[in-house]
Amino acid sequence: MHLKLIALLGLAVMAVDVLADEKLPVLKVAGETFSNVTVTKVSSTDIYFSSSQGLRNAKLKDLDPLMQKHFQAAASKAPAPRSAAALNGRYHFRVASPTNMPVSAADIKTELADALARVREIVNQPVASRPRTADMDVSIYGPGWFHPGAIRPDFDTVDVRASQELTYAKHQYATSDLNPDIVYAGNELEFNSMTKYFYTDRSVPKKRLTDGEMQEINRLYRIIGNDEKRLAKQ
């Protein structure tokens, strides 16, 4: 009995020592057991990992109490996302600081260019890919990932959260006829008709944006709309 207790305590200590990007022999999620697990990302509510069963994400609340406590602690220690103001000093005026209003036409043009560049940066973040294997549940899209053209958003009113589409998540993986030997995790992808205007490379899919990222795009859209109106009056 004492030996069993010591062994269990030893396993508990080992589990607590597990860090993101390290491997776990097993991970139990809501009664389902995953083997050969590699944790890739932990947020305040979710855990993302690869396993013998493929790529998955799960709610921290569905883990066993010990692992739930550990990963919640790991997430709380993660550095906060950098604000636009902290991105290498590349942005100016309200893109970097909401109260820093540009005055001159030259400054307004600088802010407008910054806002457009920042939206492109958020929308076109890279998505992890992996080689396709025969056992994968893959949805193939074509021709290409996206239809030609794009709608110019109404920068004054649109809420990009309302137009986010997560249809790729219906399958574990997704690919297109452009690169069928490479797949992407379906739950990491999105399509959004109100950000498609800013897609720069349509040969690859687009990252599923977080609520915070979409709210930042909404804020930048308002800046773009305001700057365009101000410049039109110059």
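The values are calculated or read from the model by the stated rules, or taken from the named source; none is laboratory data. Quick caveat: nothing in here was measured; it's all calculated off a predicted structure. Note that each Cβ is placed from the backbone with ideal geometry, even for glycine, and that neighbours are counted across all protein chains shown. Quick note on the areas: whole protein, heavy atoms, side chains included, nothing else; ligands and nucleic acids left out. Shrake-Rupley method; radii C 1.70, N 1.55, O 1.52, S 1.80 Å.
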TODO: Return yes when T133 is open to solvent by 40 Å² or more (accessible area, probe 1.4 Å), closer than 30 Å to S43 by Cβ, touching a helix residue (DSSP H, G or I) at 6+ places or on another chain (Cβ under 9 Å) and in a loop (DSSP other than H, G, I, E, B) and no when it is not.
DONE: no
Task: Within segment 52-68, considering residues that are modelled with pLDDT of 80 or more and basic (K, R), the one least open to solvent (accessible area, probe 1.4 Å) - done: K59
TODO: Filter segment 176-215 for residues that are buried (at least 19 other Cβ atoms within 10 Å of the Cβ), in contact with a helix residue (DSSP H, G or I) (Cβ under 6 Å, 6 or more places away or on another chain) and touching a residue at least 60 places away in the same chain (Cβ under 8 Å) and give the result.
DONE: N187, L189, T195, F198
Open item on the list: Please go through segment 145-154 and give me each residue that is surrounded by 13 or more Cβ atoms within 10 Å (Cβ to Cβ) and at pLDDT below 95, ordered by number.
Closed with: none
- [ ] Scan segment 100-123 and give yes if some residue there is within 23 Å of L231 (Cβ to Cβ), assigned to a loop (DSSP other than H, G, I, E, B), open to solvent by 50 Å² or more (accessible area, probe 1.4 Å) and of a type in the set (A, V, I, L, M, F, W, C), otherwise no.
- [x] yes
TODO: Looking only at segment 9-51, count how many residues are at pLDDT below 75, loosely packed, with under 13 Cβ neighbours inside 10 Å and touching a strand residue (DSSP E or B) at 6+ places or on another chain (Cβ under 7 Å).
DONE: 2
Task: Complete set of residues in segment 155-168 that are in contact with a strand residue (DSSP E or B) (Cβ under 8 Å, 6 or more places away or on another chain) and either buried (at least 16 other Cβ atoms within 10 Å of the Cβ) or hydroxyl-bearing (S, T, Y) (or both) - done: V160, S163, Q164, T167, Y168
- [ ] Scan segment 88-102 and report the pairs whose first residue is modelled with pLDDT of 85 or more and of a type outside the set (A, V, I, L, M) and whose second residue is open to solvent by less than 80 Å² (accessible area, probe 1.4 Å) and assigned to a loop (DSSP other than H, G, I, E, B), with Cβ atoms within less than 6 Å and a gap of 6+ or a chain change.
- [x] F93/N100; F93/P102; R94/N100
